[in-house]
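Inspection log for the structure reproduced underneath, given as structure tokens.
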Amino acid sequence: MKIDINLKDNGYSVFIDELKSLEFKGKVAVVTNSKVGGLYLKEVLNLIKADEIFTVSIPDGEQYKNLATIEKILEELFVSRLERNSTLIALGGGVISDMTGFAASIYERGINFINIPTTLLAQVDASVGGKTGVNNKFGKNLIGTFYQPKAVYCETKFLRSLPAREFSAGLAEALKMAVMFDKEFFDFMQKCDINDNENIKTIIAKCVSLKAGVVSKDEKEAGVRAVLNYGHTFAHVIEMQTKYTKFLHGEAVAVGMNMANHLALKLGLIDKFELESIKNTLVKFGLPINYKIEDEEAFYDAFFLDKKSGNNKIKFILPNRIGNFALKNDIDKDIVLDVLRMFK
């Protein structure tokens, strides 16, 4: 299956279960980590034809998504003498996708980049749209670029080795797309057997198609693309407060979605039945929906470090019925604090 991402200058295609061979002119470097590399690196290297092939292995985990790791990747690329016509291949989850894309965007002012995402979260979300970046002490993904890959290859066979938590984390990002854009897709996810590979292929294809439509309209998040951050405004604070060690990203997004839904309920954008429907589907997927907030004022203040906030206002992306969205940047602080107190 092939899905085209149509952009103004540099469109590309996402292929689902079609990775058979990769041929390049020039040098290639595959960026992965020891966990993914141990499972799939040899298999992927056997599919590549290039002048020279190198591998770069970085530590596994969100806590290593930082400039120090980017320095390590770049150093290995310089040692291997990669050139402007060389290609970087990301083999891993969302962290690998984001960092490899960022390294590709700044190495010699930009070289080619291919994405082979190996987690469900990366296949339905992080691999599409060209967002790259790293975290720092001020927050998540605050340093980065928009840099599109030349192609993305989503192979469902890579998902068989995923731990249950990782698989569920990907479903959170998929459900996010359904709640924001497609009630019929939400109903499908609510009822489908997630252990059926054909259903997973359907979920990946639907998410890629939905995201492709959004990115084609708003490549650099000046407008509607911000909707893809439903749940993330809360999730990024949770991740920062827990130092990226307690929750997987998709788990934090699931909690953030539940928090956002309570805010939407308070504003009359959704009703109690819709809130419970989303919550029950998150629980069905084995995702957390709660986080204990120690200090609601500190949590609120942390919102202002979010990239989507501006002019001293917090932008909240909320469901407006299931299948539609609302962007709000004028919500009274006391209303938000009331919601945060529900999670104390």
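The C-beta contact set for region 276-291 (first residue basic (Lys, Arg) and modelled with pLDDT of 95 or more, second residue in a loop (DSSP other than H, G, I, E, B) and surrounded by fewer than 19 Cβ atoms within 10 Å (Cβ to Cβ), distance under 7 angstrom, 6+ apart or interchain) comprises LYS279/ILE289.
Residues are listed down the side, and each one gets a yes or a no for (1) among the hydroxyl-bearing types (Ser, Thr, Tyr); (2) buried (at least 20 other Cβ atoms within 10 Å of the Cβ); (3) more than 15 Å from ALA260 (Cβ to Cβ):
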| position | (1), (2), (3) |
| --- | --- |
| GLY170 | no, yes, yes |
| LEU175 | no, yes, no |
| GLU184 | no, no, yes |
| LYS206 | no, yes, yes |
| VAL224 | no, no, yes |
| LEU228 | no, yes, no |
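Looking across region 161-184 at every residue that is within 13 Å of LEU248 (Cα to Cα) and of a type in the set (Asp, Glu), the one that is farthest from the chain's Cα centre (by Cα) is identified as GLU166.
For residues that are in a helix (DSSP H, G or I), under 26 Å from LYS20 (Cβ atoms) and not hydroxyl-bearing (Ser, Thr, Tyr), tally how many sit in region 138-173.
Taking region 138-173 as the starting set, the residues that turn out to be in a helix (DSSP H, G or I) are 156-161, 164-173.
Right, trim to under 26 Å from LYS20 (Cβ atoms) and you get 156-161, 166-167, 170.
Right, trim to not hydroxyl-bearing (Ser, Thr, Tyr) and you get 157-160, 166-167, 170.
Going through region 138-173 one residue at a time, the tally reaches 7.
One residue alone among ILE322, ILE317 is part of a strand (DSSP E or B), closer than 23 Å to ALA174 by Cβ, within 22 Å of the chain's Cα centre (by Cα) and of a type in the set (A, V, I, L, M), and that residue is ILE317.
Among the residues of region 117-139, those identified as open to solvent by less than 10 Å² (accessible area, probe 1.4 Å) and either under 13 Å from the mean Cα position of the chain (by Cα) or under 30 Å from LYS191 (Cα atoms) (or both) are PRO117, THR118, LEU120, ALA122, GLN123, VAL124, SER127, VAL128, GLY129, GLY130, GLY133, VAL134. The set of residues in region 244-277 being open to solvent by 30 Å² or more (accessible area, probe 1.4 Å), within 20 Å of ASN229 (Cα to Cα) and assigned to a loop (DSSP other than H, G, I, E, B) consists of TYR244, LEU248, LEU267.
Of all residues in region 140-156, those being surrounded by fewer than 21 Cβ atoms within 10 Å (Cβ to Cβ), touching a Gly at 6+ places or on another chain (Cβ under 8 Å) and not hydroxyl-bearing (Ser, Thr, Tyr) number 5.
Identify, from the list LEU265, LEU305, LEU337, the residue that is more than 18 Å from LYS183 (Cα to Cα), more than 24 Å from the chain's Cα centre (by Cα) and of a type outside the set (Val, Ile, Thr).
On the way: LEU265 fails: more than 18 Å from LYS183 (Cα to Cα); LEU305 fails: more than 24 Å from the chain's Cα centre (by Cα).
From the options LEU265, LEU305, LEU337, the qualifying one is LEU337.
Of the residues that sit in region 278-304 and are assigned to a loop (DSSP other than H, G, I, E, B) and of a type in the set (Asp, Glu), which one is surrounded by the fewest Cβ atoms within 10 Å (Cβ to Cβ)? Filtering first and then ranking leaves GLU294. Number of residues in region 38-87 that are part of a helix (DSSP H, G or I), open to solvent by less than 60 Å² (accessible area, probe 1.4 Å) and at pLDDT below 95 equals 1.
The values are calculated or read from the model by the stated rules, or taken from the named source; none is laboratory data. Note that the coordinates shown come from a computational prediction; the quantities given were computed from them, not determined experimentally. Neighbour counts run over all protein chains shown; Cβ positions are idealised from the backbone, glycine included. Calculation scope for accessible area: heavy atoms of the full protein, side chains included, ligands and nucleic acids excluded. Shrake-Rupley method; radii C 1.70, N 1.55, O 1.52, S 1.80 Å.
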